[in-house]
1. Say whether the condition of being out of contact with any Ser or Thr (no Cβ under 9 Å at 6 or more places or on another chain), in a loop (DSSP other than H, G, I, E, B) and at pLDDT below 70 is met by at least one residue in region 178-200.
2. For region 136-145, which positions are in contact (Cβ under 8 Å) with a residue 12 or more places away in the chain and either among the acidic types (Asp, Glu) or farther than 15 Å from Arg63 by Cα (or both)?
3. Confirm whether Val50 is aliphatic (A, V, I, L, M) and under 23 Å from Ile131 (Cβ atoms).
4. Checking the condition more than 27 Å from Leu65 (Cα to Cα) and crowded, with 17+ Cβ neighbours inside 10 Å, which residue from Ala186, Ala122 passes?
5. Got a sec? Which helices (runs of 4 or more DSSP H) wholly within region 17-103 have at least 1 residues that are more than 18 Å from Ala178 (Cβ to Cβ) and modelled with pLDDT of 85 or more?
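The values are calculated or read from the model by the stated rules, or taken from the named source; none is laboratory data. This one's a predicted model, so the numbers in the text were calculated from it and none came from an experiment. Here the Cβ positions follow ideal geometry from the backbone for every residue, glycine too, while neighbour counts run over all protein chains shown.
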Amino acid sequence: MLSSEARQVVVVVVAFAAGAALAWVPLSSPPPPFLETSTFPVWGFLIATVCASCPIVWSHGRRALAQLPARRPLMLEALGYGVGAVALIVANKVLIPRAFSHGRGVEALPYISERFTIVYLAVALAVAPSIIAMFRIGDASLRGNAGAADLVAWRAILQSQLAVLGALIALSTLTTAAFRNATLAAFPTAATISRPKLCCCSVHG
């Protein structure tokens, strides 16, 4: 029987492999020029790393939730988060590109939009416990009936969650930049890069 640490390592390795497959499997023949660029492996590795970080971020948030008081049922908190997450994904993938589109973009890989949607959903699920934990801290702080020890503990939890989420955002920003660089290397005359991106970062040329 594997220990909890060993199981988490296995999950992280599987998530990394899934992310690598998501980036490297071309789903077309012959392989598109995007796969032949020298900068593509950087993007592929970063996508796999983002996917591998999702189980770690999820576990970190779950541990925080276990230490915090809840005024509402967890399912209700999850529902509220889910509605907000879906709204942000729709805005990022549909509304914003339509509002600021400069023409048809270059599709670096077949089904690139679907590939990025899978990553969006994985990240949204991974950060859910951390976001809910931070809302719990805010809600408990507003009630004003917490002791000094509680406030110190909540501050430590909040800083820890912000650090993890900040690292994930930084990794996602690097992934977006690597995608842009690889696409421009494959299609140097393209005026517009197809819209898939992480963390709402624009990749219009």
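1. So far as region 178-200 goes, yes, one or more of its residues are out of contact with any Ser or Thr (no Cβ under 9 Å at 6 or more places or on another chain), in a loop (DSSP other than H, G, I, E, B) and at pLDDT below 70.
2. Taking region 136-145 as the starting set, the residues that turn out to be in contact (Cβ under 8 Å) with a residue 12 or more places away in the chain are 136-137, 139-141.
Asp139, Ala140, Ser141, listed by residue number.
3. Numbers: aliphatic (A, V, I, L, M): yes; under 23 Å from Ile131 (Cβ atoms): yes.
Yes; evaluated as a whole, the condition is true for this residue.
4. Result: Ala186 is the single residue among Ala186, Ala122 that is more than 27 Å from Leu65 (Cα to Cα) and crowded, with 17+ Cβ neighbours inside 10 Å.
5. Filter on region 17-103 gives 40-66, 74-90.
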